[in-house]
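The structure under discussion appears below in the form of structure tokens.
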Amino acid sequence: MKRFKFVYKETIANIITESEEFYKIAIMAILEARSEIERYSMLNPEFLISLEPIECRAEGIVKRMCDAAKIAGVGPMASVAGAIAEYAVEKMVEAGARLAIVDNGGDIAIKTDREIRVGIYPTKLAFLIPPGDRLAVCTSSGKIGPSISFGFADCATVVAKDACIADAFATALGNLIKDDSNIGKIVEDFYEKYKKFLIGVLVVKEDSIAFAGKLPRLEIAKISEELISKL
């Protein structure tokens, strides 16, 4: 297992894989995805600023983002970090990687052939992820990070098969968590409404925690600041 850090413009990614060969493939995929998004947004500036779903006449990663946004009821850029991470992992797996993890600022696409732990920042919790099929863990916060959130959760975390979908829904879930929220009911209702697309959801707000669905096993863990995808 090798860990690499890649920083380019707004992208701050931790990449874990077997070799430098797959790391280079991940970098090329990230740059390709970013280029596609940048080209589209130059011609369609609404894509960058809309906080609601919009119609997109596009294919590839831009279409994925718009489709995810439409399902979750958010703007397309709500899924950008997860979409890029998902695309990079796809390319790594296509090239033969058995371990391909891309953590793009807390939005994580995973394909693993071994047991791993995924910390949920800023809590002391971690998911124990078994080897198996593709998985995504994406988190939105109303208290940390540069992303727009209209809520006040310490973390609103979504687990799904696809990181583009998980990222969009993490934003949507985070937006619902207000100062006086009954987070247990919000989480339960949110999962019931969208369980077709999600594996599970988790919200932490101050001393309260709520979850629903079939989440990976949760453990108390010591999370190293050095491993967090931030500058």
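The values are calculated or read from the model by the stated rules, or taken from the named source; none is laboratory data. Not measured: the values here are computed from a predicted model. A quick note on method: Cβ atoms are made from the backbone with ideal geometry, for glycine too, and the neighbour counts reach across all protein chains shown.
Restricting to segment 190-214, give me the number of residues that are in a loop (DSSP other than H, G, I, E, B), surrounded by fewer than 18 Cβ atoms within 10 Å (Cβ to Cβ) and hydrophobic (A, V, I, L, M, F, W, C).
Just the residues of segment 190-214 that are in a loop (DSSP other than H, G, I, E, B), to begin with: 195-199, 206-207, 214.
After this cut, where a residue has to be surrounded by fewer than 18 Cβ atoms within 10 Å (Cβ to Cβ) as well, the list is 195-197, 206-207, 214.
Next cut, hydrophobic (A, V, I, L, M, F, W, C) only: 197.
Residues meeting the conditions: 1.
For segment 24-68, what are the residues that are among the small types (Gly, Ala, Ser) and closer than 15 Å to ALA13 by Cβ? Lay out the reasoning, then the answer.
Narrowing segment 24-68 to residues among the small types (Gly, Ala, Ser): 26, 29, 33, 35, 41, 50, 58, 60, 68.
Answer for segment 24-68, where residues must be among the small types (Gly, Ala, Ser) and closer than 15 Å to ALA13 by Cβ: ALA26, ALA29, ALA33.
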Notebook entry, point to check: Pick from segment 6-57 the residues that are among the basic types (Lys, Arg) and at pLDDT 95 or above: which of them is farthest from VAL74 (Cα to Cα)?
Noted result: LYS24
Checklist line | Where GLU86 falls short, out of the listed (1) surrounded by fewer than 23 Cβ atoms within 10 Å (Cβ to Cβ); (2) over 22 Å from ALA153 (Cα atoms) | finding: (1)
Item checked: Number of positions in segment 173-202 that are in contact with a Gly (Cβ under 8 Å, 6 or more places away or on another chain) and either under 23 Å from ILE116 (Cβ atoms) or among the charged types (D, E, K, R) (or both) -> 6
Notebook entry, point to check: Among the residues of segment 171-189, which ones are free of Cβ contacts under 8 Å to residues at least 40 places away in the same chain and either surrounded by 22 or more Cβ atoms within 10 Å (Cβ to Cβ) or not in a loop (DSSP other than H, G, I, E, B) (or both)?
Noted result: LEU173, GLY174, LEU176, ILE177, ILE183, GLY184, LYS185, ILE186, VAL187, GLU188, ASP189
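Sort out which residues of segment 1-20 are aliphatic (A, V, I, L, M) and closer than 16 Å to ILE116 by Cβ, and write them in order of number.
Within segment 1-20, the first condition is being aliphatic (A, V, I, L, M), and the residues that meet it are 1, 7, 12-13, 15-16.
Correct list: MET1, ILE15, ILE16.
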Next item on the list: Give segment 215-229 a look and list any residue that's modelled with pLDDT under 65 and either loosely packed, with under 13 Cβ neighbours inside 10 Å or part of a strand (DSSP E or B) (or both), or say none.
Entry: GLU225, GLU226
